Amino acid sequence: MSTQLHQDISEETVRQLADEHDEPEWLLQTRLDALDALEDLDYPSVIETPGRKWTNLEDLDFEALVDPLTQTEQKDQVGPEDVEVASFHEALQDDDLAELVEEHFGSIVDPQQNRLTALSTALFTTGTVVYVPAGVDAEDVKIRTSMTSRSLFNYTLVVTESNSSVTILERQDTSDDAAPVDDGRYYSGVVEVDAGENSYVQYGSLQDFDEDTYNYTVKRGDATTYSTVDWIEGNLGSRLTKTSVSTELNGDSSETKIVGAFFGHDGQHFDLDSKVWHRGEHTTADLVTRGVIDDDARSVYEGVQDVGEDAWDTSSYQRENTLMLSDESEADASPKLIINNHDTEASHSATVGQVDEETLFYMENRGVPEQLATDMLVEGFFVPVLEEVEVEELREDLQTRIHERLQ
């Protein structure tokens, strides 16, 4: 198995990164263990349809993309006074938060889950810790990461105690101050959410990197008894995006919703997967994704609902729709149900198609120019998924960027 990794991805580099940030020994050892495991780990599984492998992550030239010692970014992270919102390394200097980080780091997303999570664990230099104490209801936690370097590895940890709630809005983009690159950029993000009993987490994200960026992101939540973890995913930027968003419903009466919207053009490639594991009793999941692709863009989506043997009284639903605006674009979808418990109510559906010609003809015959008619249909196509976005600011941002893309 070829590694195609930069010569600076070494023990010396990892120790230098840890030393520069005055990291504790346990974290250094976690980094070194991830580094040692790299060569034996596979790349993340990608979506394959009959006769076709859509995404070839092993073909990425990490030698050109990854420069671990020059990672820089512009970072904003704010929240209300009764919630702890701190940069990752600031959290390590706080005794209480440092203990929290040590307890939860890598507990939901295995640092050695695959080669790219291990790479991110070994090399990350930036991140955010959000801690919501018991009984606190918090809104307006905002995280913005603007990439200025060739590569950036980012880590986010969210921990909520019992009977609390939090709404988080994350934005990722490329800074106007970023130096131009010839061979592309690489961004890797890992997000772990540990939701305490009867707590509610809503995590909204808008990815809008420049189209020189290769983006790998994994987000996973653990929902315990009576807790809810909701994800909202907006993907508009990057040259190639590989994302995995998932929730483990381990507690009885836990819930999750995964809402996704994407819009690709000019050769962009989106490989998106959403997963839910029903493990507790009386759990509920709803997966909703809509996307549009134009020009010679490509998209592939996989949604998995996995119902365990002990997951009595499960409700699980999935809907995915992709609209193609050109004959050169390509899209596929692969929804899956894995049911090991007969006390389950579940459904899944997926559609891929082009703009309805009859509707377009109808609008043109009533004086609407073809391009305007198409734009109106696209904006209307996104309405059902935008209605699922409860974070008003994120919904407005998505609407604005979709409108700008159409122009």
Q) So which strands (runs of 3 or more DSSP E) are wholly in the range 122-205 and hold at least 1 residues that are at pLDDT below 95? A) 137-147
Q) So, of the residues in the range 21-36 that are hydrophobic (A, V, I, L, M, F, W, C), under 26 Å from the mean Cα position of the chain (by Cα) and more than 19 Å from residue 60 (Cα to Cα), which turns out to be surrounded by the most Cβ atoms within 10 Å (Cβ to Cβ)? A) 34
Q: Give the range 117-142 a look and list any residue that's aliphatic (A, V, I, L, M) and buried (at least 24 other Cβ atoms within 10 Å of the Cβ), or say none.
A: 119, 122, 123, 129, 130, 132
Q.
Filter the range 374-407 down to the residues that are of a type in the set (A, V, I, L, M), open to solvent by less than 20 Å² (accessible area, probe 1.4 Å) and either in a helix (DSSP H, G or I) or out of contact with any strand residue (DSSP E or B) (no Cβ under 8 Å at 6 or more places or on another chain) (or both) and list them by number.
A. 378, 385, 386, 394, 398, 402
(Q) Which of the numbered conditions does residue 333 fail, given that it passes all the others? Conditions: (1) assigned to a loop (DSSP other than H, G, I, E, B); (2) open to solvent by 10 Å² or more (accessible area, probe 1.4 Å); (3) of a type in the set (A, V, I, L, M). (A) (1)
Q: Report whether or not residue 86 is of a type in the set (Gly, Ala, Ser), open to solvent by less than 20 Å² (accessible area, probe 1.4 Å), at pLDDT 90 or above and assigned to a strand (DSSP E or B).
A: yes
Q: Taking residue 91 as the residue in question, decide whether it is surrounded by fewer than 19 Cβ atoms within 10 Å (Cβ to Cβ), in contact (Cβ under 8 Å) with a residue 24 or more places away in the chain and more than 27 Å from residue 241 (Cα to Cα).
A: no
Q) Just to be sure, is residue 327 outside any helix (DSSP H, G or I) and open to solvent by 50 Å² or more (accessible area, probe 1.4 Å)? A) yes
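Let's see how each residue does on (1) open to solvent by 10 Å² or more (accessible area, probe 1.4 Å); (2) touching a residue at least 60 places away in the same chain (Cβ under 8 Å):
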{"residue": "206", "(1), (2)": "yes, yes"}
{"residue": "210", "(1), (2)": "yes, no"}
{"residue": "213", "(1), (2)": "no, yes"}
{"residue": "233", "(1), (2)": "yes, no"}
{"residue": "238", "(1), (2)": "no, no"}
{"residue": "242", "(1), (2)": "no, yes"}
{"residue": "250", "(1), (2)": "yes, no"}
{"residue": "255", "(1), (2)": "yes, no"}
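State yes or no: is residue 281 in contact with a strand residue (DSSP E or B) (Cβ under 6 Å, 6 or more places away or on another chain) and open to solvent by 10 Å² or more (accessible area, probe 1.4 Å)?
So residue 281 does not fit the description; no.
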Q.
Can you confirm whether residue 266 is among the acidic types (Asp, Glu), at positive phi and either in a strand (DSSP E or B) or open to solvent by 10 Å² or more (accessible area, probe 1.4 Å) (or both)?
A. yes
Q) What residue, of 358, 345, is farther than 15 Å from residue 321 by Cβ, in a strand (DSSP E or B) and open to solvent by 70 Å² or more (accessible area, probe 1.4 Å)? A) 345
Q: Return the only residue of 353, 303 being open to solvent by less than 30 Å² (accessible area, probe 1.4 Å), out of contact with any Ser or Thr (no Cβ under 7 Å at 6 or more places or on another chain) and in a strand (DSSP E or B).
A: 353
Q: May I ask you to verify whether residue 196 is in contact with an Asp or Glu (Cβ under 7 Å, 6 or more places away or on another chain), at positive phi and either open to solvent by 10 Å² or more (accessible area, probe 1.4 Å) or in contact (Cβ under 8 Å) with a residue 40 or more places away in the chain (or both)?
A: no
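The values are calculated or read from the model by the stated rules, or taken from the named source; none is laboratory data. In this text, all values refer to a predicted model and were calculated from it rather than measured experimentally. Using ideal geometry, Cβ is built from the backbone for each residue, glycine included, and neighbour counts are taken over all protein chains shown. Areas reflect the complete protein model, heavy atoms only, side chains present, ligands, DNA and RNA absent. Shrake-Rupley method; radii C 1.70, N 1.55, O 1.52, S 1.80 Å.
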